[in-house]
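This report refers to the structure that appears directly beneath it.
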């Protein structure tokens, strides 16, 4: 009889333990409906490619490096293009001398107007040929089109590349854009220039931003509208690709 009582007590305790364990579990943290996911994006970003075939020299830029506008990133070894530019320059000088001679002879009635006009045409052709050769020689130099950071390097020093081969990915070094999708119900309270706060996960800091653009179309399935915003200034610790949450004034979490 005593063994039956002990067995019943043990069973009661065993059944009660899962219930107590379940009651001890903390409740999941409530989801903040006012926290809207955001992504930081560069104002400008592009891939710089080789505009001519050739062999690269030493790379002047490396991954993550900041470069000013016009900075030389790499130079191709293109002696042939430079030689063509020199030839075009000499041909232009010759055409100009010929035109001057024809004009002097015309004053002496030694040649007619047709000869002068033809000499002038030859000089104009030489000007165009020189401009083309100089432009092609300029393809030897790959420069940063705007202040930027190097996001990716596709090539190695002294590598031979073809025309159109990607060389560098660069992102602008100016204040970052903020991209986010907000519920379409918020449209009536949104306008360009509206301030809000952005909390970035990677830095643990909060930054002020302003709405700059509102998409003209609502996503009918998700019932959201895309926004673009800009941080009030450039922060050196922030880079494109970081993420976080945005909170607008008057949201539930701030009331």
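Readers should treat all values here as calculations from the given coordinates under stated rules, not as data from a laboratory. Because the structure is a prediction, the values reported are computed rather than measured. So basically every Cβ, Gly included, is an ideal-geometry build from the backbone, and we count neighbours across all protein chains shown.
Quick check: pseudo-label points 7 Å beyond the Cα along Cα→Cβ at residue 93 and residue 107, how many nm apart are they?
About 2.4 nm separates the two model spin labels.
Say each of residue 141 and residue 75 gets a label point 7 Å from the Cα, pointing the same way as Cα to Cβ; how far apart are those two points in nm?
Inter-label distance under the simple model: 0.9 nm.
Take the Cβ-Cβ distance between residue 124 and residue 158 as r, set R0 to 41 Å, and report the resulting FRET efficiency rounded to the nearest 0.05.
E between residue 124 and residue 158, to the nearest 0.05, is 0.55.
Pull out a ≥ b ≥ c, the square roots of the eigenvalues of the alpha-carbon gyration tensor of region 54-106, then state rounded if a/c is under 1.5, prolate if not and a/b is larger than b/c, and oblate in the remaining case.
Oblate is the answer for region 54-106, as a/c is 1.5 or above yet b/c matches or exceeds a/b.
Go through 175-181, 198-204 and give me the packing order, highest mean Cβ count within 10 Å leading.
Ranking the peptides 175-181, 198-204 by packing returns 175-181, 198-204.
Could you pull out which residues in region 55-87 have an amide N less than 17 Å from a spot 7 Å beyond the Cα of residue 134, following the Cα-Cβ vector?
The answer is 81-87.
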